[in-house]
Each structure stands twice: as C-alpha cells, then as structure tokens.
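J.: Before anything else, here's the structure in question.
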Amino acid sequence: MFYIVQMADFHFGGSHLGSESEKDILKKMAERIQAEIPSDAEVVFCACGDYIDSKPVSDGTSTGTRDLTDAEVESRYEEAKDALMSTVIDPLKKKYKYKFKVGLCVGNHDTTHIDAVNRFSQAIASTDIDKTYSLHLDSENVDLIFINSCPPSDFSHGQIDYDYLENTLKTLPADSTKYFILHHTLMSMDERDQSSIRQVPKLIELINQYAVKAVFHGHTHGQYMIRIGTEGCPIISVGAAYVRDFPNVNSQFNLIRCNSGIPISADNYQYHADWAMNPGTDGFEKISIPISKENNYFYGTTFSRVYDELTKKVRAESKLYHVNLHVKSRFDQFCSDVTENFGKKVELKTFDKEYSYTELAEMWQDSELDEKVLYFNHGKNFCTKQHQSGIDYIIHELSQKMTSSRAVLVTVNSKDISQTAPDALLPSLLSIQVGFDRDMTTLHITMNLRALEANRFLKINICEILFLAQKIHETYPFQNIEVAVSAFRVQIKEQFGCFLKAKLDTLAQSNEMAITLACLRYSNDPTVITGQIEYVIRLIRDKKLRSETVIVTAGVENLLNSIMDVKNGMPAGKETLLSKLDQVCTYTKNLLDMLNELKKRRASHSEPTEDMDALEEDIEHQYDLLIEGFERLKEP
C-alpha cells in the first residue's frame, strides 16, 4: 500500500500582509497528513506546479505594472524551497519516518522561468522538470509519470510534447501500473477558460493504451473529478494550496490511498480559517472523492491485459461483484496471447505430476473424468445421449445453424443446485455459449460463472475458451474472436488447488497408509523408517498445498486411524518412539478438528470471514506441527 499527497498552485510571493502565509498553511497541511497516514507508510508527494506567483507587480505608479525581475523570481523560488522543505518534506520524511518520494511538474507560473524552476526542482527532487520523466515505486511496480504540460515560455494554455511522452512510456516496464501527473486541466472549466491542454484526444489515446489508473492535475484552483477513456480513468484536480488574492480560501490538498497499484480511496482536505479558531479542530474539512471504479467492466484486445487489470483490482479490494471481462481481437493474436501468458505456465501440481494450464483446461473439458486427479470437471456435464462431448454438440449445432443461439454448454441447473448440500462440490462455471456473426468472420463466446477464483482458476477458464475456439476453428475457420466472461463474484485465493485431489485423500480407500506406517512397529532399520516417513511427509505437504474451497477430510481421518493402529500394536522396547507417536496423534486429531470446524463454517458462509481466515492460518500452522512431529519419528 502507498499514499499519494497531491498539491498544486502554491503561489509563493503572492500572500497578503496580515494573512496566514503559504508557509503557515503548508505546516498545517503536513500536520493533517501525518494524522491521516500511518507511520512507516510509503508516501509520494506529487506537486502539480505553480510554485511561485509570477503575476506582474506594481511599478510604483498608481496603475502601472512590471514583470518580476530575475532576482525576485529567484527569491520566490528560494522561499518556496525553504517552506516546502521545512514544513512538508523534511517533517514527513524525517520526523514521521515515512518512506517518502517527491515528484514535481511545471505550472504556467513556472514555464517563463524554466531555468529557475529546474534549480528549484533539483534542490527538492534532484531532477529537472522541463521534460516528462517517471518516478518508479518498486514496492508495487508503479510508475508515476510527471508530464510538462506547459509550452516553452507560454503560460496561456496547456500543451504536451506527445512524442516525448510516448517515448518515455515505451521505456517503462510493460506490466507496471501507471499514473499521469501534470498541471493543466484536460478541458475548459467555463466559457472564459482558454488554458486547457491542446490535442487532448492524443492524451486519452495514451491513457487507454497504457491503462493509466488516474491523472492528477492542478491549475483549476478547485477540486473536481471526471472520468475519461474506455476504462473510465479518473481525472482528479486539486484546489490551490494558496489562492492569490483570496488568502485562506480554498487552500487544500488531496490524499489518495492505493493498494496493489490501484487507487482505492481519495479525500480532499479544504482549509477554513474560521473553523481553525474553534477549539479541537485544525480547520480542515474532509470531502470524499469517488475515485474507485464504480463498475467492474474490463475491456481489452488481449486476455493478458484484461487479466492483469482485474487481478490488480481484486487484490486491492479483496473481492468484486458483477464482473465482466471483454476481449476482442484477431484469432491468431488471441491464440498467441493466451498460450504464451497462460497456457504454458506451470503453477499447479499433484503429488506425482506438474500441470500446465493448457493441460488442466483439456482435463476440465474432457468428457471422461480422471477420478484419480480431479474431484469433478466441466466436460462430463456437457455430454448428451446423442453427443459424446461438449465440442461434438457445439459442432453439430453450428452445422444446423451457424448463427444459432442454442449452441450452449451447461453444467448445472436449479434442481442440481437446490439438491446439493451447502458444502458439496459444485461447478462455478454455469454455461458457455458460442456462435458466429452473420458474415462468419467472428466467433463469439460467452462464459457465465456463479463465482470465480482469479489467481489460478481463471487461467484454466481462459485456456478452456481457447481449447473450444481452436476445436471450432478446425471445422469452421474464422478470423476474429470476441469473448465475454461474466461472474457474480470474483476473489483471489493465493494457493488455490483448483480441485486437484491430494494423494493423501485418494489413499483413504486403501490400506496403503497403514502398511506404510507399519514400519514403525516392525522395523528397526533407520533407512527403511526414514524412507517411509519421508513419503508420509510428502503426502501431508501435498495436502497442505491444496488450499481447498470444499474441505475433504478423508485422508486426514485415514492417517489418524493408521497412526492409532500402529500405536495400539507397538511392541515393547519402543517406548521413546511411542511417546513421539502420541504427539503426532495429537497433532493429527487437532488438525482434523480444525478442518471439520472450517468445513462447518464454510457450509454457512460462501465468503470468508475474519474468523475463517484466522482458522485457515491456524490450520496452516497445524500442518507444520504435524510435519515436524513426523520428522522427529526419523530420529533415533
């Protein structure tokens, strides 16, 4: 998690005699920031330009004005530097121990003094700011791109060097989460405003292309938020830290909280001088900014990008409802993207074998269920009396009518659901529908799920879609593909086992465990005992890694019974071993009790509660204790 502090329009040198100075206001802002952000947090201070007030000053006559002299400009930047360092940057970095970074961009009051503002930025952030540059956060793989939106020596409007910006973006990691920070607004805020950025469609194109998560800017002297682009990127302004000619009015900053690279919440803090006079208040009004994306619609030309955007948001918000994924591309590109980014990956294994996601997808689509490996699959549900597999049915239906709306594969119906126990195994995938458009060039696939695990099982689902599309393509070649996936709820379970069976459970119907542990009773050969115990430990570790949504206890029950049998028949002279076995038996009983308790709780809660999360952690620890207990059985 990290925080963005957004400020703009400081206007040093523009304060009025008798009012609170810019420095006074900044000090109060820093104190409020410290009260809002926990200690040791990672904080990025984003300053969106206009560090001095460069408005012409009186020339000494009653009506005349003159531009600031170079010395006056330097003096104001020096004042700005000293104030920002002493009231904001040093206290937040050193006194409050934040992991603190600073980024700045040029404002319209700065662009006519570019050498001076570069000297200022070098002192504050150790970089020139007359060109676009990026600030990288390793902790969350985030790039904050600070854009110069000011044309050289022209303060009348905003203008971006798009070639330079695009070249900068190309040098950044493709998988990093990106934010834009600049000074100017993207559009006129009223009929008199001529200062907005020119050629904004190009900026929106880059926002879409690089999936920019938010754009922060200043200049408007007021706070507002709009959304633009295909993914509704929030454009967030911040009012002035100090408003020229209106001291203490609208002085404000924004505070944005980000998790997994995604903006989660944002608040605007507006200072009221009259409020500050009341006991017990610091004068700030906290106003929520609706920054979080309201809909969970993710669109792109590749599943890898859509998947990345989805998982970032799920990790940031824990779970999402009413999720829609939409991918539209040429079929050859679709095949390449899914194969390279999902199909070839190997993240799941059983006791005996590792599986790529392509292999898992084929197993889940197979009309024959391998009961030694999976508890259930999708393909078995797709078989009909007339068709041996789901793909056979799809090909037949399309042969009758290419634009058919009946080419649907269904796993369960309402009767199946209503007659199934709450803790029973039930497919999350409800249906897959396929069909062609009228000119037969685009295959459309829709997948509907009642629940979706995004870390691993979504990868299987994506590869299932590719598997079906490739089979259809063999009979009916097409050029393009459009895929829609909808899910009622999406969550992430880091070590999800995807219903691959633990071998410990598959052995529950045999006497293999009892035979394996019998060596403790009959053998005195350390090599034999060590080999058999290591085998049992591997079985337990394999079970631990399953991270099941539906708790299966058969293997642990069988293990406990086998331990009890060995204990009851232990010959004289093995008292030390028996004592160790007693401890192992206790660990196994405790583990079984915990698993049954978790099973009971999951029967009444589809979503994990804090108590369930805590219990899962206890179960992880209990597995470790059990493994340690078996390790001690190998000792003389």
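The values are calculated or read from the model by the stated rules, or taken from the named source; none is laboratory data. Bear in mind that the values here come from a model prediction, so they are computed numbers and not experimental data. All Cβ positions, glycine included, derive from the backbone under ideal geometry; neighbour counts span all protein chains shown. These area figures cover heavy atoms from the full protein model, side chains too; ligands, DNA and RNA do not enter into them. Shrake-Rupley method; radii C 1.70, N 1.55, O 1.52, S 1.80 Å.
J.: It is to be established whether one or more residues within the range 58-74 are open to solvent by less than 20 Å² (accessible area, probe 1.4 Å) and in contact with a Phe, Trp or Tyr (Cβ under 6 Å, 6 or more places away or on another chain).
T.: No, that holds for no residue.
J.: Just checking, which of 534, 474, 464 is free of Cβ contacts under 8 Å to residues at least 24 places away in the same chain, closer than 27 Å to residue 346 by Cβ and either among the charged types (D, E, K, R) or touching a Cys at 6+ places or on another chain (Cβ under 7 Å) (or both)?
T.: 474
J.: Can I ask one more? Can you name every residue in the range 113-131 that is in contact (Cβ under 8 Å) with a residue 24 or more places away in the chain and open to solvent by less than 60 Å² (accessible area, probe 1.4 Å)?
T.: Those that are in contact (Cβ under 8 Å) with a residue 24 or more places away in the chain and open to solvent by less than 60 Å² (accessible area, probe 1.4 Å): 113, 114, 116, 117, 120, 123, 124, 129, 130.
J.: Further question on the same structure: Kindly evaluate residue 256 against the criterion of being in a strand (DSSP E or B) and either at pLDDT 90 or above or aliphatic (A, V, I, L, M) (or both).
T.: For residue 256, the condition - in a strand (DSSP E or B) and either at pLDDT 90 or above or aliphatic (A, V, I, L, M) (or both) - is met.
J.: Quick one: in the range 288-316, which of the residues that are open to solvent by less than 60 Å² (accessible area, probe 1.4 Å) and under 30 Å from residue 22 (Cα atoms) is nearest to the chain's Cα centre (by Cα)?
T.: Restricting to residues being open to solvent by less than 60 Å² (accessible area, probe 1.4 Å) and under 30 Å from residue 22 (Cα atoms), the top hit is 291.
J.: Where in the range 363-440 are there helices (runs of 4 or more DSSP H), lying fully within it, with 3 or more residues that are open to solvent by less than 60 Å² (accessible area, probe 1.4 Å)?
T.: 390-400
J.: Show the residue pairs meeting these rules: Cβ distance below 8 Å; 6+ apart or different chains; first residue within the range 321-346 and free of Cβ contacts under 8 Å to residues at least 12 places away in the same chain and open to solvent by less than 90 Å² (accessible area, probe 1.4 Å); second residue of a type in the set (Phe, Trp, Tyr) and in a strand (DSSP E or B).
T.: Sorted first by the residue in the range 321-346, then by its partner, the pairs are 346/355.
J.: Can you find even one residue in the range 540-551 that is in contact (Cβ under 8 Å) with a residue 24 or more places away in the chain, more than 39 Å from the chain's Cα centre (by Cα) and open to solvent by 10 Å² or more (accessible area, probe 1.4 Å)?
T.: no
J.: Answer yes if at least one residue in the range 479-492 is among the small types (Gly, Ala, Ser) and modelled with pLDDT under 95, and no otherwise.
T.: No, the conditions are met nowhere in the range 479-492.
J.: Is it fair to say residue 149 is open to solvent by 50 Å² or more (accessible area, probe 1.4 Å) and hydroxyl-bearing (Ser, Thr, Tyr)?
T.: no
J.: Could you look through the range 522-539, keep only residues that are closer than 25 Å to residue 499 by Cα and of a type in the set (D, E, K, R), and pick out the one that is least open to solvent (accessible area, probe 1.4 Å)?
T.: 534
J.: I'd like to know if the range 276-286 contains one or more residues that are part of a strand (DSSP E or B), open to solvent by 50 Å² or more (accessible area, probe 1.4 Å) and closer than 24 Å to residue 27 by Cα.
T.: yes
J.: Further, regarding this structure: So residue 222 passes all but one of these: (1) small (Gly, Ala, Ser); (2) buried (at least 19 other Cβ atoms within 10 Å of the Cβ); (3) more than 27 Å from the chain's Cα centre (by Cα). Which condition number does it fail?
T.: For residue 222, the failing item is (2).
J.: Still on this structure: Go over the candidates 6, 34 one by one and state the one that is open to solvent by 50 Å² or more (accessible area, probe 1.4 Å) and either closer than 18 Å to residue 121 by Cα or assigned to a helix (DSSP H, G or I) (or both).
T.: Matching residue, one of 6, 34: 34.
J.: Quick one: in the range 55-80, of everything that is under 29 Å from residue 182 (Cα atoms) and at pLDDT below 85, which residue is farthest from the chain's Cα centre (by Cα)?
T.: Of everything passing the filter in the range 55-80, 57 is farthest from the chain's Cα centre (by Cα).
J.: Given the residues 469, 502, which is the only one that is under 21 Å from residue 343 (Cα atoms) and open to solvent by less than 20 Å² (accessible area, probe 1.4 Å)?
T.: Unique residue meeting the criteria: 469.
J.: Could you tell me whether residue 360 is open to solvent by less than 10 Å² (accessible area, probe 1.4 Å) and either among the small types (Gly, Ala, Ser) or in a helix (DSSP H, G or I) (or both)?
T.: Answer is yes for this residue.
J.: Go through the range 584-621 residue by residue and tally those that are surrounded by fewer than 16 Cβ atoms within 10 Å (Cβ to Cβ), within 30 Å of residue 515 (Cβ to Cβ) and among the polar types (S, T, N, Q).
T.: Total meeting the criteria: 3.
J.: For the range 211-231, how many residues are of a type outside the set (Gly, Ala, Ser) and in a strand (DSSP E or B)?
T.: Residues that pass the stated criteria total 7.
J.: Based on what the data block shows, is residue 108 open to solvent by 10 Å² or more (accessible area, probe 1.4 Å) and touching a His at 6+ places or on another chain (Cβ under 8 Å)?
T.: Yes, satisfied.
J.: Now a separate question. What is the number of the single condition among (1) among the basic types (Lys, Arg); (2) touching a Ser or Thr at 6+ places or on another chain (Cβ under 7 Å); (3) not in a helix (DSSP H, G or I) that residue 23 does not meet?
T.: Among (1) among the basic types (Lys, Arg); (2) touching a Ser or Thr at 6+ places or on another chain (Cβ under 7 Å); (3) not in a helix (DSSP H, G or I), the lone unmet condition for residue 23 is (3).
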